[in-house]
Amino acid sequence: MRLKRTLATDYQPNKMDGSFIVLIAVLVLFVVSQLWAQSQVKGIETYPYTVDKTYDGFEVRTYAKANFIYVTMDAKTYAKGSSKGFRTLAGYIFGGNDRQQKIAMTSPVVMNMDSDVTMKFLVPAEYSMDQLPKPDNAEVRFATEKERTMAAITFGGFANDGTIKQHKDELFQLLAAAASNTRASGASWATIRPSRLVGRKNEVVVEVLR
């Protein structure tokens, strides 16, 4: 009996072992979720463009004519406008319309940072404007963007007001050094799905006058 008591007293579960197992499980789930997100991104329809010229630090592109859904918000910053804008537009494409019709997610998510903040989703090419269902939310509107020439600078991580301003200023400096004329306004384009944490890509884009 004394021996049995000694063995029972000496055995103590290693709490670190349990914590390590939980950590490994969390890491595995994270990796799997990001691989899934990456596979979903590859299948998303994107705003079509051709690269006209590549410079050191940026490139000039011609974007094709395309249709968008958009919402304009009384916000002065990316931080205040991005969350509300995404919820509003996502509500529409996830069935918030008169047909309760779901519309595929596309890329990029466009944020125009002018006097107000406007967020846009590209309309899949399979839909013409008159084929789109009527939104339940009157703030959701439709627009056609003409073909246009844009300069784009790319950066990783999570976009915020500071990184947008930093890369917008850098892009204008690069354009000035390349002897290009540009319009004063710029737009931040988040070019991946929000569920993806690894390998995110953002762009600041401005229209080029020729």
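The values are calculated or read from the model by the stated rules, or taken from the named source; none is laboratory data. None of the values given here were measured: they were computed from a predicted structure. Please note: Cβ atoms are built from the backbone with ideal geometry, for glycine as well, and neighbour counts cover all protein chains shown.
Return yes or no: is ALA64 over 24 Å from VAL208 (Cα atoms), in the same structural domain as PRO135 (by TED's automatic domain parsing) and in contact (Cβ under 8 Å) with a residue 60 or more places away in the chain? Outline the logic, then answer.
On the way: over 24 Å from VAL208 (Cα atoms): no; in the same structural domain as PRO135 (by TED's automatic domain parsing): yes; in contact (Cβ under 8 Å) with a residue 60 or more places away in the chain: yes.
Spelling it out, it is not the case that ALA64 is over 24 Å from VAL208 (Cα atoms), in the same structural domain as PRO135 (by TED's automatic domain parsing) and in contact (Cβ under 8 Å) with a residue 60 or more places away in the chain.
Given the conditions (1) touching a strand residue (DSSP E or B) at 6+ places or on another chain (Cβ under 9 Å); (2) aliphatic (A, V, I, L, M); (3) surrounded by fewer than 16 Cβ atoms within 10 Å (Cβ to Cβ), which single one is not true for LEU89?
(3)
Please pick out the residue among MET73, MET111 that is touching a Gly at 6+ places or on another chain (Cβ under 9 Å), hydrophobic (A, V, I, L, M, F, W, C) and surrounded by fewer than 21 Cβ atoms within 10 Å (Cβ to Cβ). Show your work before the answer.
On the way: MET111 fails: surrounded by fewer than 21 Cβ atoms within 10 Å (Cβ to Cβ).
Within the list MET73, MET111, the selection yields MET73.
If you go through segment 92-108 one residue at a time, do you hit one that is in a helix (DSSP H, G or I) and either surrounded by 13 or more Cβ atoms within 10 Å (Cβ to Cβ) or modelled with pLDDT under 90 (or both)? Walk me through how you get there before you give the answer.
As a first pass, look at segment 92-108 and keep what is in a helix (DSSP H, G or I): 92-93.
Remaining after also requiring either surrounded by 13 or more Cβ atoms within 10 Å (Cβ to Cβ) or modelled with pLDDT under 90 (or both): 92-93.
Yes: segment 92-108 contains one or more residues that are in a helix (DSSP H, G or I) and either surrounded by 13 or more Cβ atoms within 10 Å (Cβ to Cβ) or modelled with pLDDT under 90 (or both).
Can you tell me which residue in segment 119-151 is surrounded by the most Cβ atoms within 10 Å (Cβ to Cβ), limited to those that are assigned to a strand (DSSP E or B) and hydrophobic (A, V, I, L, M, F, W, C)?
Looking only at segment 119-151, we keep the residues that are assigned to a strand (DSSP E or B), and these are 119-122, 135, 141-145, 148-151.
Of the ones still in play, those that are also hydrophobic (A, V, I, L, M, F, W, C) are 119, 121-122, 142-143, 150-151.
Numbers: MET119: 26, PHE121: 24, LEU122: 22, PHE142: 13, ALA143: 13, MET150: 21, ALA151: 24.
Applying the filter and picking the extreme gives MET119.
Quick test for you: out of ALA104, ALA125, pick the one residue that is within 15 Å of the chain's Cα centre (by Cα) and either closer than 20 Å to ILE44 by Cβ or not aromatic (Phe, Trp, Tyr) (or both).
Working: ALA125 fails: within 15 Å of the chain's Cα centre (by Cα).
That would be ALA104, the only listed residue that is within 15 Å of the chain's Cα centre (by Cα) and either closer than 20 Å to ILE44 by Cβ or not aromatic (Phe, Trp, Tyr) (or both).
Which one is surrounded by the most Cβ atoms within 10 Å (Cβ to Cβ) among residues in segment 152-178 that are hydrophobic (A, V, I, L, M, F, W, C) and without any contact (Cβ under 8 Å) to a residue 40 or more places away in the chain? Steps first, please.
Of all residues in segment 152-178, those hydrophobic (A, V, I, L, M, F, W, C) come to 152-153, 155, 158-159, 164, 171-172, 174-178.
Filter once more, keeping what is without any contact (Cβ under 8 Å) to a residue 40 or more places away in the chain: 172, 176-177.
Details: PHE172: 18, ALA176: 11, ALA177: 11.
Applying the filter and picking the extreme gives PHE172.
Enumerate the pairs (first residue in segment 84-96 and under 16 Å from VAL123 (Cβ atoms); second residue anywhere and of a type in the set (A, V, I, L, M) and in a helix (DSSP H, G or I)) with beta-carbon separation below 9 Å, excluding pairs fewer than 6 apart on the same chain, so at least 6 apart or on different chains.
Every condition considered, the pairs that remain are GLY96/ALA90.
Mind checking which residues of segment 97-135 are under 23 Å from VAL205 (Cα atoms) and without any contact (Cβ under 8 Å) to a residue 40 or more places away in the chain? Break it down stepwise before answering.
At the first step, the residues of segment 97-135 found to be under 23 Å from VAL205 (Cα atoms) are 105-125.
Hit for segment 97-135 is SER115, nothing else.
Are any residues in segment 55-66 of a type outside the set (Asp, Glu) and either at pLDDT 95 or above or within 21 Å of the chain's Cα centre (by Cα) (or both), and if so, which ones? Break it down into steps so the answer makes sense when it comes.
Kept after step one, since they are of a type outside the set (Asp, Glu), are these residues of segment 55-66: 55, 57-58, 60-66.
Once the filter is applied, which keeps residues that are of a type outside the set (Asp, Glu) and either at pLDDT 95 or above or within 21 Å of the chain's Cα centre (by Cα) (or both), segment 55-66 yields GLY57, PHE58, VAL60, ARG61, THR62, TYR63, ALA64, LYS65, ALA66.
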